[in-house]
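Colleague: Could you have a look at this structure, given as structure tokens, before my questions?
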Amino acid sequence: MSSRHGSYFGATELPEDMQDVLRKARRLEVVSIIYMATVIAVIYLVMGSSQAMRAAWVEDLLSLVPPISFLVAVRVAASKPDRQHPYGRHRAVAVGHLVASVALAAMGLLLTYESLSGLLMREHPPIGTMQVFGHTVWAGWLMIAALIYGGIGPVILGRLKKPLAEQLHDKVLHADADMNKADWMTAGAGILGILGIGMGLWWADAAAALVISLSILKDGWSNLRAAVGGLTDTTARTVDDKAEHPLVGRIEDYLESQPWIAEHRSRVRDMGHVFQVEVRVVPRGGEVELARLHQVTEDLRAMDWKLDDVTVSPALRIDEGETTSPPAD
């Protein structure tokens, strides 16, 4: 791993403010892992034969995958480019995102199948009593308390992580934040299922498990689409994958503003935290000084720290269908 001072993503040294953001993100993910480990232990102790509690427990287990993936990915992505990895190891972020999303989608499918099976087979899960400090207590109250404990923390952590994910352009951290923010649904569904059993509604537990399972499946599917899109070199998009990244438009606007450029074509792909930018320009008159090309490269790099690998090359023409800007008059 890198022995350099400061924080890096490949060859890119993070600005001071981004180094602080990265440190905060790492601390939050460590806190998440420790907290969720206690939640997993508590729910395991009280879940009994409830399908809803089992689904919540599995979701909590899966919630460890994104923070671990994030911590591993940022460490790997910090490595210097070398002969074997000349572009750096930025794709570690995309790999982590893919691993987390596949785990979510697969477990969501499994739990959905089990929940539907429970409904179709009309299973009646019993909830008995437990001895707590010498008192007999309905186990359902302990389950509800465990779900409340496991639901409050992730919501707070998710809200703290989301702005950091946007600043770092880290899709693993963003997926983790989204999962955390949605954990109140898991807790709420589980509580309703437990209360339903207490009221004699045999189907309430399996129905609650189905809601939780579908939530897991939804998270897995949406993140899987985003992860595959990133690995297939789509144009760089925002961290939530809802729109083209604003930097793509800013690059186009900058190139349009250069009077010596007759036509241009740019390609921006997401490498992980940083973007790789390739620009082809057709100079007016068919000639251009090397200094001008160098200046465009430096101007684009100065636009944002995420524009890590910028290549600007001259061309005699840009083939029809390739240009991303209208030919100049």
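Colleague: Residues of the stretch 244-256 being surrounded by 19 or more Cβ atoms within 10 Å (Cβ to Cβ) and either more than 23 Å from residue 301 (Cβ to Cβ) or touching an Asp or Glu at 6+ places or on another chain (Cβ under 8 Å) (or both), which ones?
Modeller: Residues satisfying the conditions are 245, 247.
Colleague: Can you report the number of residues in the stretch 206-260 which are touching a residue at least 12 places away in the same chain (Cβ under 8 Å), more than 30 Å from residue 59 (Cα to Cα) and assigned to a helix (DSSP H, G or I)?
Modeller: Qualifying residue count, the stretch 206-260: 8.
Colleague: Mind listing just one residue for me: the one in the stretch 273-311 that is within 28 Å of the chain's Cα centre (by Cα) and part of a loop (DSSP other than H, G, I, E, B) and, of those, farthest from residue 85 (Cα to Cα)?
Modeller: 304
Colleague: Just wondering, is there one or more residues in the stretch 86-96 that are charged (D, E, K, R) and closer than 19 Å to residue 7 by Cα? Lay out the reasoning, then the answer.
Modeller: We begin by selecting, within the stretch 86-96, every residue charged (D, E, K, R); these are 89, 91.
Now drop any that are not closer than 19 Å to residue 7 by Cα, which leaves 89, 91.
Within the stretch 86-96 (the criterion being charged (D, E, K, R) and closer than 19 Å to residue 7 by Cα), the answer is yes, since at least one residue qualifies.
Per-residue answers, yes or no, for (1) out of contact with any helix residue (DSSP H, G or I) (no Cβ under 6 Å at 6 or more places or on another chain); (2) outside the structural domain of residue 60 (by TED's automatic domain parsing); (3) of a type in the set (Lys, Arg):
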site: 165; (1), (2), (3): no, no, no
site: 176; (1), (2), (3): no, no, no
site: 188; (1), (2), (3): yes, no, no
site: 193; (1), (2), (3): no, no, no
site: 199; (1), (2), (3): yes, no, no
site: 205; (1), (2), (3): no, no, no
site: 209; (1), (2), (3): no, no, no
site: 216; (1), (2), (3): no, no, no
site: 225; (1), (2), (3): yes, no, yes
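Colleague: Test residue 10 against the stated conditions and say whether it is small (Gly, Ala, Ser), in contact with a strand residue (DSSP E or B) (Cβ under 7 Å, 6 or more places away or on another chain), surrounded by 21 or more Cβ atoms within 10 Å (Cβ to Cβ) and touching a residue at least 60 places away in the same chain (Cβ under 8 Å).
Modeller: The answer is yes for residue 10.
Colleague: Restricting the stretch 21-32 to residues that are at pLDDT 95 or above and surrounded by fewer than 14 Cβ atoms within 10 Å (Cβ to Cβ), which is farthest from residue 61 (Cα to Cα)?
Modeller: Residue satisfying both the conditions and the ranking: 27.
Colleague: For the stretch 148-158: of the residues being surrounded by 17 or more Cβ atoms within 10 Å (Cβ to Cβ) and either in contact (Cβ under 8 Å) with a residue 60 or more places away in the chain or more than 12 Å from residue 36 (Cα to Cα) (or both), which is nearest to the chain's Cα centre (by Cα)?
Modeller: Out of the qualifying residues, it is 158.
Colleague: If a residue has to be surrounded by 15 or more Cβ atoms within 10 Å (Cβ to Cβ), among the charged types (D, E, K, R) and closer than 24 Å to residue 106 by Cβ to count, how many in the stretch 221-243 make the cut?
Modeller: Here the count works out to 2.
Colleague: Check the stretch 169-181 and report whether any residue there is surrounded by fewer than 16 Cβ atoms within 10 Å (Cβ to Cβ), under 21 Å from residue 55 (Cα atoms) and modelled with pLDDT under 80.
Modeller: We begin by selecting, within the stretch 169-181, every residue surrounded by fewer than 16 Cβ atoms within 10 Å (Cβ to Cβ); these are none.
Among the residues of the stretch 169-181, not one is surrounded by fewer than 16 Cβ atoms within 10 Å (Cβ to Cβ), under 21 Å from residue 55 (Cα atoms) and modelled with pLDDT under 80, which makes the answer no.
Colleague: Of these, 94, 145, 106, which one is crowded, with 20+ Cβ neighbours inside 10 Å and either within 30 Å of residue 29 (Cα to Cα) or not β-branched (Val, Ile, Thr) (or both)?
Modeller: Details: 145 fails: crowded, with 20+ Cβ neighbours inside 10 Å; 106 fails: crowded, with 20+ Cβ neighbours inside 10 Å.
Exactly one residue qualifies, and that residue is 94.
Colleague: For the stretch 45-61, give me each residue that is assigned to a helix (DSSP H, G or I) and either within 27 Å of the chain's Cα centre (by Cα) or of a type in the set (S, T, N, Q) (or both).
Modeller: Within the stretch 45-61, 51, 52, 53, 54, 55, 56, 57, 58, 59, 60, 61 meet the criteria.
Colleague: Further question: Out of (1) modelled with pLDDT of 80 or more; (2) out of contact with any Gly (no Cβ under 9 Å at 6 or more places or on another chain); (3) not aromatic (Phe, Trp, Tyr); (4) not in a loop (DSSP other than H, G, I, E, B), what's the single condition that is false for residue 84?
Modeller: It is condition (4) that residue 84 fails.
The values are calculated or read from the model by the stated rules, or taken from the named source; none is laboratory data. The model shown is predicted, which means the values in this text are computed figures rather than measured ones. Cβ sites come from the backbone with ideal geometry, for glycine too, and all protein chains shown count toward neighbours.
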